[in-house]
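Q: Structure below; questions to follow.
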Amino acid sequence: MTKPLIQINHLVKKFGDNVVLNDISETINQGDVIVVIGASGGGKSTFLRSLNLLNVPTSGEIEFEGTNLVGLSEKALDGVREKMGMVFQQFNLFPNMTVLANIKLAPMKVKNNDDAAATAKAKELLAQVGLEDKADAYPASLSGGQMQRVAIARALAMEPDVMLFDEPTSALDPEMVGEVLKVMQDLAKSGMTMVIVTHEMGFAREAADQVWFMDQGVIAEKGTPEQIFTAPKEARTKDFLSKVLAQ
Amino acid sequence: MKKLMRWFMALALSLVAIGAVGAQSVHAADDSLAKVKAKGTLVMGTSPDYAPYEFLVNKNGKNQVVGIDVEIAKKIAADIGVKLVIKQMDFDSLLVGLETHKVDMVLSAMTPTAERKQSVDFSQIYYTASQDIIVNKADAKVYHNAESFVDKKVGAQTGSLQADLVKKNMTDSKLLGLSKVTDLILALKSHKVEGVVAEEPVAKAYVDNDPQLALVKSGWALDPEENGQAIGFTKGADSLVAAANQSIGEIKQQHLIASYTKTAGKYMTQNTANTSMWHYWQYFAKGVGYTLLITAISVVFGLVLGTLFALMRLGHNRLFHSLAVAYIEFVRGTPLMIQVMFVYFGLGLFLDIPALTAGVIAVSLNSAAYVAEIIRSGIDSIPVGQTEAARSLGLSTRQTMTSVILPQAVKNIWPALGNEFISLIKESSIVSIIGVTDLIYQLKVVQTATYKGVAPIFVAMVLYFVLTFSLSKVLGHFERKMQHD
């Protein structure tokens, strides 16, 4: 039943002499919900952003649905990226457009959907994230939690095959984290393939199929949340968890 | 990249050099008269601020150059059997106009000095006048002749015979050169200079029309050869010179100059019949029209080209990047005035560009460089996250730029762009030097026609302010409309 959606082979990323990703080979299957944890500077975000080539790998392969993305032209990449939704720490909503226009932009420009269809779809997604009343608001009038939910709806509007989350709750006030995690949890239940970089250990425990612990450019340990949180094998995993969970 | 820049510079310089050489070698065989006959027009260049030789009148609502020189030119054209066309330029630019074939001949009360003879050919002398000095009436008793101006400042038209005479014969006086006689008279009235040297008919025209001025004889005994006036032609245009000389011969034989002077005098009294600024509103209206036209076209082209250059500069193509950088730096590093002259006279060697078009091209190209830098700074001010978000949604580079980045950039740079547009209204005034009839040009026309110096300046100043102030209000309205946060 499981088939590989993303196959990562010997992924290396260097910034100058600094090796950020050191020969990573992993498989992400359809329907997987993978939470990537680890200390800051361990390469988590770089890893995630390599998956849709926002960061171009120094070497290695990213196979998505059977095609190696490394070395593809920008034009060919455009076609791939629309199938890989991405949610950013800073939301990155387009401030000059209404919420509705933010969501409709890509379906209309990239998929050539007509306005009526795009609007209907956008309203449906806004309802899904609980913001149907904000369709005509501009981003600046929204709270952080609302903005991030719009950003998720915007990514979903392209009907992606996988959703990448880059620390989606790190820029939020604590009282708004819950509303965003709730949307993500619903999404996970619906069967969406998700790769999530986060510091929310509670979320990882509840929603993840697999937890990957990243340290010094490699996946140091991986397993079910149960394995990682209750019986970590590696010393550095234990060390990290003891620091994070002590808070 | 530096290498590339050097290469471009070399290319630009050699193009100019080729142009210059080309201009020299064109006249190997003299077909000047045949050419004029073939195109059916004889183009005369003149600086119409020198009544009674050449000046402007409003005839049936249209500006028209009239005067003694124009009557002479009409006769020559009629004798050849072609139509006379008059092109207006600054006196300084007339010889360049000849060399670059903007005009076939120059009639502008010009004296065939030895220096000028090196670059152009002259007809025989058609008129000889004595030189006078215009002074303020209050000073008329202080100054008796040129000798009286020791240690004083004296004005003369830049590049004119009078300027040369001051340098040669009034070595104890200081020369102030300005390109317009009207400006010189202003300088005289505000005591920037104590006297203005001009030909007798010109000096008389000013004194007759202004009770505050008086005439002083220079007292110079001048050789008619270095004092008279002749028609300038492109070097080697022998057949055309011969045709002109034949007409001049007839003019002398039939004493036609006297009747030409009478005609000119009639126009002058018509001009000065009513010197109120209201009477000249059409001139100012026309000037405002041209200033707005030049600005509007230049804004559109400047914006389109500027965006293009900004994208080239920001893009990944190294050749385009270097081209854009070289262009922007070069244009920003040279004065607009030079660019206007380069387009009109320089490119004029290869293409016959009308003055208005040349002015619009130069101002547009200039504006593009500044707009490019404004747009670049606007694009740079958009966080990289916006690009990442757009690209991760599958938008192409181009869609990201046009749908996401540029609309936000325009909002950020709107005030700076607005400033550029406003300064364009003011800076476009430089096109008046090649004879485009914008507001500055009309201001000078009204000065010449009314013998009033300050009033037209004041009117033009108010008009410029009304234009820029209204534009800044309109831009402010759009700026507020764009605010969402």
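The values are calculated or read from the model by the stated rules, or taken from the named source; none is laboratory data. Just so it is clear, the structure is predicted and the values come from calculations on it, not from any experiment. Here the Cβ positions follow ideal geometry from the backbone for every residue, glycine too, while neighbour counts run over all protein chains shown.
Q: Are there any pairs with C-beta distances below 7 angstrom linking a residue in the stretch B:461-485 that is within 14 Å of chain A (Cβ to nearest Cβ) to a residue that is hydroxyl-bearing (Ser, Thr, Tyr), with the two at least 6 apart or on different chains, and if so which?
A: Sorted first by the residue in the stretch B:461-485, then by its partner, the pairs are B:His484/A:Tyr138; B:Asp485/A:Tyr138.
Q: Continuing with the same structure: Looking at this structure, is B:Thr334 hydroxyl-bearing (Ser, Thr, Tyr), at pLDDT 90 or above and more than 26 Å from the chain's Cα centre (by Cα)? Don't jump to the end; show me each part of the working.
A: Values: hydroxyl-bearing (Ser, Thr, Tyr): yes; at pLDDT 90 or above: yes; more than 26 Å from the chain's Cα centre (by Cα): no.
Against the criterion (hydroxyl-bearing (Ser, Thr, Tyr), at pLDDT 90 or above and more than 26 Å from the chain's Cα centre (by Cα)), B:Thr334 does not qualify.
Q: For residues in the stretch B:375-388 being assigned to a helix (DSSP H, G or I) and more than 12 Å from B:Arg313 (Cβ to Cβ), which is nearest to the other protein chains (Cβ to nearest Cβ)?
A: Start the filter on the stretch B:375-388 by keeping residues that are assigned to a helix (DSSP H, G or I), which leaves B:375-380, B:384-388.
Still in the list and also more than 12 Å from B:Arg313 (Cβ to Cβ): B:378, B:384-388.
Details: B:Gly378: 13, B:Val384: 9, B:Gly385: 4, B:Gln386: 6, B:Thr387: 9, B:Glu388: 6 Å.
The residue in question is B:Gly385.
Q: Looking at B:Arg318, B:Arg332, can you tell me which residue is surrounded by fewer than 19 Cβ atoms within 10 Å (Cβ to Cβ), in contact (Cβ under 8 Å) with a residue 60 or more places away in the chain and among the basic types (Lys, Arg)? Talk me through it step by step, then tell me what you get.
A: On the way: B:Arg332 fails: in contact (Cβ under 8 Å) with a residue 60 or more places away in the chain.
Exactly one of B:Arg318, B:Arg332 is surrounded by fewer than 19 Cβ atoms within 10 Å (Cβ to Cβ), in contact (Cβ under 8 Å) with a residue 60 or more places away in the chain and among the basic types (Lys, Arg), namely B:Arg318.
Q: Looking at the stretch A:63-74 only, could you name the residues that are charged (D, E, K, R) and more than 7 Å from chain B (Cβ to nearest Cβ)? First the steps, then the outcome.
A: So the first thing to find is which residues in the stretch A:63-74 are charged (D, E, K, R), and the list is A:63, A:65, A:74.
Result: A:Glu63, A:Glu65.
Q: Scan the stretch A:41-62 and tell me whether some residue there is more than 13 Å from chain B (Cβ to nearest Cβ), surrounded by fewer than 16 Cβ atoms within 10 Å (Cβ to Cβ) and closer than 30 Å to A:Phe229 by Cα.
A: yes
Listed here are the residues, each with its yes/no results for (1) within 16 Å of the chain's Cα centre (by Cα); (2) over 30 Å from A:Pro95 (Cβ atoms); (3) among the basic types (Lys, Arg); (4) surrounded by 22 or more Cβ atoms within 10 Å (Cβ to Cβ).
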| site | (1), (2), (3), (4) |
| --- | --- |
| B:Leu424 | no, no, no, yes |
| B:Leu439 | yes, yes, no, yes |
| B:Ala455 | no, yes, no, no |
| B:Met482 | no, no, no, no |
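Q: Does A:Met192 satisfy the condition of being out of contact with any helix residue (DSSP H, G or I) (no Cβ under 8 Å at 6 or more places or on another chain), crowded, with 17+ Cβ neighbours inside 10 Å and away from every other protein chain (no Cβ under 12 Å)? Please lay out each step first, then the result.
A: Values: out of contact with any helix residue (DSSP H, G or I) (no Cβ under 8 Å at 6 or more places or on another chain): yes; crowded, with 17+ Cβ neighbours inside 10 Å: yes; away from every other protein chain (no Cβ under 12 Å): yes.
Yes, satisfied.
To keep it simple, each residue is scored yes or no on (1) β-branched (Val, Ile, Thr); (2) surrounded by fewer than 20 Cβ atoms within 10 Å (Cβ to Cβ); (3) touching a residue at least 24 places away in the same chain (Cβ under 8 Å).
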| position | (1), (2), (3) |
| --- | --- |
| B:Asp92 | no, yes, yes |
| B:Lys102 | no, no, yes |
| B:Met110 | no, no, yes |
| B:Gln118 | no, yes, no |
| B:Asp121 | no, no, yes |
| B:Gln124 | no, yes, yes |
| B:Ser130 | no, yes, yes |
| B:Asp139 | no, yes, yes |
| B:Glu147 | no, yes, yes |
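Q: Can you pull out every residue in the stretch B:158-181 that is within 17 Å of B:Leu222 (Cβ to Cβ) and crowded, with 20+ Cβ neighbours inside 10 Å?
A: We begin by selecting, within the stretch B:158-181, every residue within 17 Å of B:Leu222 (Cβ to Cβ); these are B:160-171.
Hits for the stretch B:158-181 are B:Ser160, B:Leu161, B:Gln162, B:Leu165, B:Val166, B:Met170.
Q: While we're here: Would you confirm whether or not the stretch B:214-235 contains a residue that is of a type in the set (A, V, I, L, M, F, W, C), farther than 26 Å from B:Val150 by Cα, touching an Asp or Glu at 6+ places or on another chain (Cβ under 7 Å) and at pLDDT 90 or above? Walk me through how you get there before you give the answer.
A: In the first step, residues of the stretch B:214-235 are kept if they are of a type in the set (A, V, I, L, M, F, W, C); the result is B:214-216, B:220-222, B:230-231, B:233.
This time we only want the ones that are farther than 26 Å from B:Val150 by Cα, so: B:230-231, B:233.
Among the residues that remain, those that are also touching an Asp or Glu at 6+ places or on another chain (Cβ under 7 Å) are: B:233.
The next check asks that each one be at pLDDT 90 or above; those that pass are B:233.
Scanning the stretch B:214-235, I find at least one residue that is of a type in the set (A, V, I, L, M, F, W, C), farther than 26 Å from B:Val150 by Cα, touching an Asp or Glu at 6+ places or on another chain (Cβ under 7 Å) and at pLDDT 90 or above, so the answer is yes.
Q: Exactly one condition in (1) within 13 Å of chain A (Cβ to nearest Cβ); (2) under 27 Å from B:Lys102 (Cα atoms) is false for B:Ile361; which is it?
A: (1)
Q: Inside the stretch B:21-34, can you point out the residues that are out of contact with any helix residue (DSSP H, G or I) (no Cβ under 8 Å at 6 or more places or on another chain) and either modelled with pLDDT of 90 or more or more than 9 Å from B:Ala237 (Cβ to Cβ) (or both)?
A: To start, the set of residues in the stretch B:21-34 that are out of contact with any helix residue (DSSP H, G or I) (no Cβ under 8 Å at 6 or more places or on another chain) comprises B:21, B:24-29.
Answer for the stretch B:21-34, where residues must be out of contact with any helix residue (DSSP H, G or I) (no Cβ under 8 Å at 6 or more places or on another chain) and either modelled with pLDDT of 90 or more or more than 9 Å from B:Ala237 (Cβ to Cβ) (or both): B:Val21, B:Gln24, B:Ser25, B:Val26, B:Ala28, B:Ala29.
Q: List the residue pairs whose Cβ atoms are under 7 Å apart, where the first residue sits in the stretch A:17-35 and is crowded, with 20+ Cβ neighbours inside 10 Å, the second is outside any loop (DSSP other than H, G, I, E, B) and among the small types (Gly, Ala, Ser), and the two are 6 or more positions apart or on different chains.
A: Partner pairs satisfying both residue conditions: A:Leu21/A:Ser50; A:Val33/A:Ala188; A:Val33/A:Ala207; A:Val35/A:Ala204.
Each row is one residue, and each column tells you yes or no for (1) within 14 Å of another protein chain (Cβ to nearest Cβ); (2) in contact with a Gly (Cβ under 6 Å, 6 or more places away or on another chain); (3) closer than 30 Å to B:Gly346 by Cα.
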residue	(1), (2), (3)
B:Ala390	yes, no, no
B:Arg398	yes, no, no
B:Ser429	no, no, yes
B:Thr437	no, no, yes
B:Gln442	no, yes, yes
B:Pro456	no, no, no
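Q: Same structure again: Out of the stretch B:448-479, which residues are touching a helix residue (DSSP H, G or I) at 6+ places or on another chain (Cβ under 6 Å) and within 21 Å of B:Pro48 (Cβ to Cβ)?
A: B:Thr448, B:Ala449, B:Tyr451, B:Gly453, B:Ala455, B:Pro456, B:Val459, B:Ala460
Q: Still on this structure: Quick one: which of B:Ala389, B:Ala368, B:Ala355 is touching a Leu at 6+ places or on another chain (Cβ under 7 Å) and either of a type outside the set (Val, Ile, Thr) or surrounded by 19 or more Cβ atoms within 10 Å (Cβ to Cβ) (or both)?
A: Working: B:Ala389 fails: touching a Leu at 6+ places or on another chain (Cβ under 7 Å); B:Ala355 fails: touching a Leu at 6+ places or on another chain (Cβ under 7 Å).
The match here is B:Ala368.
Q: Take the residues in the stretch A:85-114 that are in a strand (DSSP E or B) and more than 7 Å from chain B (Cβ to nearest Cβ); name whichever of them is farthest from A:Val150 (Cα to Cα).
A: Taking the stretch A:85-114 first, the residues in a strand (DSSP E or B) are A:85-87.
Then drop every residue that is not more than 7 Å from chain B (Cβ to nearest Cβ), which leaves A:85, A:87.
Working: A:Gly85: 13, A:Val87: 10 Å.
My answer is A:Gly85.
Table: residues versus (1) in contact with a His (Cβ under 9 Å, 6 or more places away or on another chain); (2) more than 23 Å from A:Gly43 (Cα to Cα); (3) not basic (Lys, Arg).
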{"residue": "A:Val150", "(1), (2), (3)": "no, yes, yes"}
{"residue": "A:Ala153", "(1), (2), (3)": "no, yes, yes"}
{"residue": "A:Asp166", "(1), (2), (3)": "no, no, yes"}
{"residue": "A:Ser170", "(1), (2), (3)": "yes, no, yes"}
{"residue": "A:Val195", "(1), (2), (3)": "no, no, yes"}
{"residue": "A:Gly202", "(1), (2), (3)": "no, no, yes"}
{"residue": "A:Gln210", "(1), (2), (3)": "no, no, yes"}
{"residue": "A:Ile228", "(1), (2), (3)": "no, no, yes"}
{"residue": "A:Val244", "(1), (2), (3)": "yes, no, yes"}
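Q: Also, I was wondering about something else. Would it be correct to say that B:Asp223 is surrounded by fewer than 15 Cβ atoms within 10 Å (Cβ to Cβ), free of Cβ contacts under 8 Å to residues at least 12 places away in the same chain and over 27 Å from the mean Cα position of the chain (by Cα)? Break it down into steps so the answer makes sense when it comes.
A: On the way: surrounded by fewer than 15 Cβ atoms within 10 Å (Cβ to Cβ): yes; free of Cβ contacts under 8 Å to residues at least 12 places away in the same chain: yes; over 27 Å from the mean Cα position of the chain (by Cα): yes.
Here the answer is yes, as B:Asp223 does meet what is asked.
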